[in-house]
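Data block below; observations after.
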Amino acid sequence: MGHPRADAGITALLRERSAGDATLTLGEALDFLGERGFGALFALLALPAALPLPAAGYAVPFGLGIFVLGIELIVGRPRPWLPARLLKISLPILDPSSRALRLLERIEGLFRTRGPGLHGPFRVMAGVIACGLGGLMMIPVPGTNTLPGACAFVIGMGILYRDGLWTTAGMILGTGLFGVYAAAAFGVLKLFHLIG
C-alpha cells in the first residue's frame, strides 16, 4: 500500500498503519505531518479538557504541553519537538471499518485548506494564543479548563488540516476567553477587597 498524500489527515495515517505490517511511531507520524503536527498535538492534548468531564490529573500536564508547543510555534520550529521516548510510541492499530475511524472521517469532512497559512505574524499569534490557553487550562479550579481546551482543540484541528478559517475562529474565541477570565478574576479580587 502506498503512502498517504502529504495533505492527508489522521485517518489516512491510521488506515496505512492498520493495513501494513510495519509499526508507525509517533515520531514517524510527526515527520510525515511536519508543521501540521502542531495541530495534531494541540487537538490531542486539548480534547480531554474540552470534554465536559472532570479534568483532575491531566489538565496541568496537558495545559503545560500546549504552552510549550505554543512557544515552539512562536520561535519558528518546523515541526514539534518531543522527548525521544515519546517519539517511539507506536500508534494504535484500528480496524479500517471501525466506528472510531468512520467518525474521524466525518469530522475531517468539516475541514479543507483555506484562509491564511501558518506562517509569519499569523503563526506567532497562534502560538501566543495557544500559550495563553495552555495557561488557562492549568488553573486549579474545577470547570475552568473546558472552554480553553475547546478553543485549543479548534485551533489544533485548523492547523492540522491547514484550514485557516477554523484556526482563526479558534483564535478569536480564545482571545475573547482571555477577556472573560480577566473580568472574572477582577471581579473576584474586587469582592475580596470589599469583604476585607
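A few comments on the model shown:
- Segments classed as helices (runs of 4 or more DSSP H), wholly inside region 110-196, with at least 3 members that are over 22 Å from residue 75 (Cα atoms): 146-160, 164-195
- Number of positions in region 14-31 that are in a helix (DSSP H, G or I) and either at pLDDT below 60 or of a type in the set (S, T, N, Q) (or both): 2
- Only residues that are over 27 Å from residue 11 (Cα atoms) and over 13 Å from the mean Cα position of the chain (by Cα) were counted in region 133-172, giving 11.
- Boolean, residue 148 is more than 21 Å from residue 29 (Cα to Cα) and exposed (fewer than 13 other Cβ atoms within 10 Å of the Cβ): no
Each row is one residue, and each column tells you yes or no for (1) touching a residue at least 24 places away in the same chain (Cβ under 8 Å); (2) out of contact with any Cys (no Cβ under 9 Å at 6 or more places or on another chain); (3) not hydrophobic (A, V, I, L, M, F, W, C).
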site	(1), (2), (3)
120	no, yes, yes
123	yes, yes, yes
145	yes, yes, yes
148	yes, yes, yes
162	yes, yes, yes
177	yes, no, no
183	no, yes, no
187	no, yes, yes
194	no, yes, no
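The values are calculated or read from the model by the stated rules, or taken from the named source; none is laboratory data. The structure displayed is predicted, hence computed values, not measured ones. Cβ coordinates were reconstructed from backbone atoms using ideal geometry, including for glycine residues, and neighbour counts include every protein chain displayed.
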